[in-house]
Amino acid sequence: MTVKQKNFEQLCNDHIEKLVVFDLGSHPDKVGKLVGIENDQIELINAKGKNISMNMNHVKAFQVPE
């Protein structure tokens, strides 16, 4: 794990249980409540209640709406 990955993981962990948007919401499955991160996998629950898993290394942008 690189330093950049570790910092990104820490940033995500600070926003667990909050609404997040990855990659500017370019895909509906990249918007939802952040559940957690484990083994470089980000887990979200989208608006339909579906569990979504994505590789942390493929995320280009991260946003937490106020």
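Could you state the angle between the C-alpha long axis of helix 3-13 and the longest principal axis of the C-alpha atoms of the chain, as a value from 0 to 90 degrees rounded to the nearest 10?
Value to nearest ten degrees: 40.
Tell me what the chain gives for mean residue ellipticity at 222 nm when only DSSP H runs of n ≥ 4 count, each as -39,500 (n - 2.57), the sum divided by the residue total, rounded to 500 deg cm²/dmol.
Result for the chain: -5000 deg cm²/dmol, rounded to the nearest 500.
Just N55, N13, N39 to compare: in a GNM of the chain, with alpha carbon springs under 10 Å, which one fluctuates most?
Of the options given, N39 has the highest mean-square fluctuation.
Using the alpha carbons of the range 17-66, what is the convex hull volume per residue in cubic angstrom, as a whole number?
66
Mind telling me which of K50, K33, K18 comes out most flexible in a GNM of the chain, alpha-carbon contacts under 10 Å?
K50
Report the label-to-label distance for K60 and D14 in nanometres (one decimal), using points 7 Å from each Cα along the Cα→Cβ vector.
For K60 paired with D14, the spin-label model returns 2.4 nm.
Taking the chain, how many lysine pairs are there with alpha carbons less than 21 Å apart, if each pair must be eight or more places apart or span two chains?
17
In the chain, if the dipole is taken from +1 on Lys/Arg beta carbons and -1 on Asp/Glu beta carbons about the Cα centre, which of C12, N39, S26 is farthest to the positive end?
So the residue we want is S26.
Under a 1.4 Å probe, what is the accessible area of the chain per residue, stated in Å²?
68
Provide the net charge surrounding H58, with neighbours chosen by a C-beta distance below 13 Å and charges set as Lys +1, Arg +1, Asp -1, Glu -1.
Details: positive: K30, K60; negative: D23, D29, D40.
Once positives and negatives cancel, what remains is -1.
The values are calculated or read from the model by the stated rules, or taken from the named source; none is laboratory data. Since we're looking at a predicted model, the values are computed, not measured. All Cβ positions, glycine included, derive from the backbone under ideal geometry; neighbour counts span all protein chains shown. Calculation scope for accessible area: heavy atoms of the full protein, side chains included, ligands and nucleic acids excluded. Shrake-Rupley method; radii C 1.70, N 1.55, O 1.52, S 1.80 Å.
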